[in-house]
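See below for the structure under consideration.
Read-outs: derived from the displayed coordinates by stated rules, not from any lab. It should be emphasised that the depicted structure is a prediction, and the values quoted were computed from it without experimental measurement. Using ideal geometry, Cβ is built from the backbone for each residue, glycine included, and neighbour counts are taken over all protein chains shown.
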Amino acid sequence: MVKRITILGSTGSIGTQALQVLKVLGEKFEVISLSAGHNISLLTEQIKTFHPKNVCVQNIEDAKILREKFNKINVVYGDSGLEEICSDRTNDIILVAVSGKVGLKPTLTAIKNGINIALANKETLVMAGDIVMKEAARAKADIIPVDSEHSAIHQCLTNKKFVRKLIITASGGPFLHTDIEKMKNASVEQALAHPRWSMGKKITIDSATLMNKGLEIIEAHHLFNVDYKDIKTVIHPQSVIHSAIEYIDGSIIAQLGLPSMHIPIQYAICYPERIAGIKTNSFDFAKIGCLTFEEPDFKKFPLLKLAEKCGMEGGTYTTCLNAAGEEAVFAFLNGKISLGSISDIVQEMVNNHYNNNISQPVLDDIFETDRIVREQTQKLINNKYIK
Ligand code: MG
């Protein structure tokens, strides 16, 4: 049977790798829709290769260009365009591979339409995990994680009833053993040089501060319905064990592989089947030789603990964390603040959230919190943290 798929964020890091996987999988999949931001030349190439029925771009100007080029394709744009392609029930699965808060709305639309999700956008669950998971259960839509750690846990999860804890591995990023003061003043280029994974810019910076691992703890809590106290992080620089589950009888099941996003992407879109698709480098235990592990340094990477605390507090705390984090990372990438300021800014915004937390937020509360926190974070950056 042909599986019909849509990719949101087709020109990004996960999107392009997903299309590499789909190229190998050939006729097993039919691409229904592609959405992209502004990379129209790459999107044009993708349209010629994969012949989607619909394409969504961010603005009307780009939509007009594509309509002239491809008169047989339905070209839509903006939020309403995303809404349209995510409501299309001919889809079997939608891969959400956009980065940041823009993932939330279209993911919810797809879920409400009972369409299964391959989720690469962790912000969706960090911002509104309770709402998203509840909606998915109601509409009977599966959410299959693409994040390598959560893909590992999904694969190791043989029986939910007997889980004692989740063990999430972290490579430690480019500054694992760098002096803390040096790390705080690292350049954008140094922070983007991740030793193991090739990813988009936002997530690579989050990996350098270990904020990414904090967001992944929140993501894991929602995906697998496990208490925060039962989710542990361990630093594992080789990134061969992608995460593990400890069962109540003391058995630990881990998922291993060389660090390549092709594998979790392929797993998520093919699930529940496994298909021998894209070729990966052969895995050789003897060549790897040794795997090492260490405790995370919470002093050097305070965002890891802070994210966990926000998760435990619940309500709109994680929405605040996410919004402040995104704004701080954008400011760093734009050369406005130092790397070390990111954690100070996020910490300050989370502290300020104390009187504004909404314990049982509805979706409007989430978007309103997101908007206000972003505004306030930008102000804080300009008043206090700008270099
Ligand atoms: Mg990950």
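The table below gives the values:
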{"read-out": "Residues with amide H under 5 Å from that of K3, placed H, sequence gap 5 or more", "value": "F29, E30"}
{"read-out": "Positive dipole terminus of the chain, leading residue within L333, M211, I14 (C-beta point charges)", "value": "I14"}
{"read-out": "For peptides 102-112, 63-73, sequence by mean Cβ density within 10 Å, most packed first", "value": "102-112, 63-73"}
{"read-out": "Farthest positive-ward along the chain dipole, Cα basis, beta-carbon charges - from F298, H38, H262", "value": "H262"}
{"read-out": "Cβ-based charge dipole, segment 3-145, positive-most Cα from V96, M127, I144", "value": "I144"}
{"read-out": "Amide H contacts of L176 (H built 1.01 Å from N, under 5 Å, at least 5 apart or other chain)", "value": "none"}
{"read-out": "Summed side-chain charge close to D147 - residues other than D147 whose Cβ falls under 13 Å, Lys, Arg +1, Asp, Glu -1", "value": "-3"}
{"read-out": "Positive minus negative residues near F175 (Lys, Arg vs Asp, Glu; Cβ under 15 Å)", "value": "0"}
{"read-out": "Net charge of Cβ neighbours under 14 Å - reference N281; Lys, Arg +1; Asp, Glu -1", "value": "+2"}
{"read-out": "Given charges at beta-carbon only (K, R positive; D, E negative), |dipole| of segment 163-297 in Debye", "value": "320 debye"}
{"read-out": "Euclidean distance between Cα centres, segment 7-31 to segment 303-369, Å", "value": "32 Å"}
{"read-out": "Exceeding the 24 Å Cα-Cα cut-off - candidates K201/K336; K134/K309; K53/K134; K122/K201; K122/K287; K182/K299", "value": "K53/K134; K122/K287"}
{"read-out": "Burial order of peptide ranges 320-330, 197-207, 133-143 (average beta-carbon count within 10 Å, highest first)", "value": "320-330, 197-207, 133-143"}
{"read-out": "Estimated vicinal HN-Hα couplings, Hz - segment 180-187 in sequence order (Karplus 6.51, -1.76, 1.60; Gly, Pro = x)", "value": "4, 5, 4, 4, 4, 9, 5, 7"}
{"read-out": "Lys, Arg +1 and Asp, Glu -1 on Cβ, resulting dipole of the chain about Cα centre, debye, nearest 20", "value": "580 debye"}
{"read-out": "Order of D370, D147, D88, D249 - criterion: other Cβ atoms within 10 Å of each residue's Cβ, fewest first", "value": "D249, D88, D370, D147"}
{"read-out": "Considering only the chain, percent of DSSP beta bridges that pair antiparallel, nearest 5", "value": "25 percent"}
{"read-out": "Expected 222 nm ellipticity per residue - DSSP helices of 4 or more, -39500 (n - 2.57), all of the chain, to 500", "value": "-14500 deg cm²/dmol"}
{"read-out": "Within straight-line cross-link reach of K165, lysines at Cα separation under 17 Å, skipping those fewer than 8 residues along the same chain", "value": "K213, K229, K232"}
{"read-out": "Alpha-carbon Debye profile of the chain, log10 I(q)/I(0) at 0.09, 0.12, 0.14 Å⁻¹", "value": "-0.51, -0.94, -1.30"}
{"read-out": "Taking H38, H222 and counting other C-beta atoms within 10 Å, the order from fewest to most", "value": "H38, H222"}
{"read-out": "Where N is the number of residues in segment 3-145, Cα Rg divided by 2.2 N^0.38 Å", "value": "0.97"}
{"read-out": "Qualifying aspartates and glutamates (Cα of each under 19 Å from Cα of K379; at least 8 residues distant if same chain)", "value": "E326, E327, D344, E348, E368, D370"}
{"read-out": "Charge dipole (debye, nearest 20) of segment 3-145; +1 at Cβ of Lys and Arg, -1 at Cβ of Asp and Glu", "value": "260 debye"}
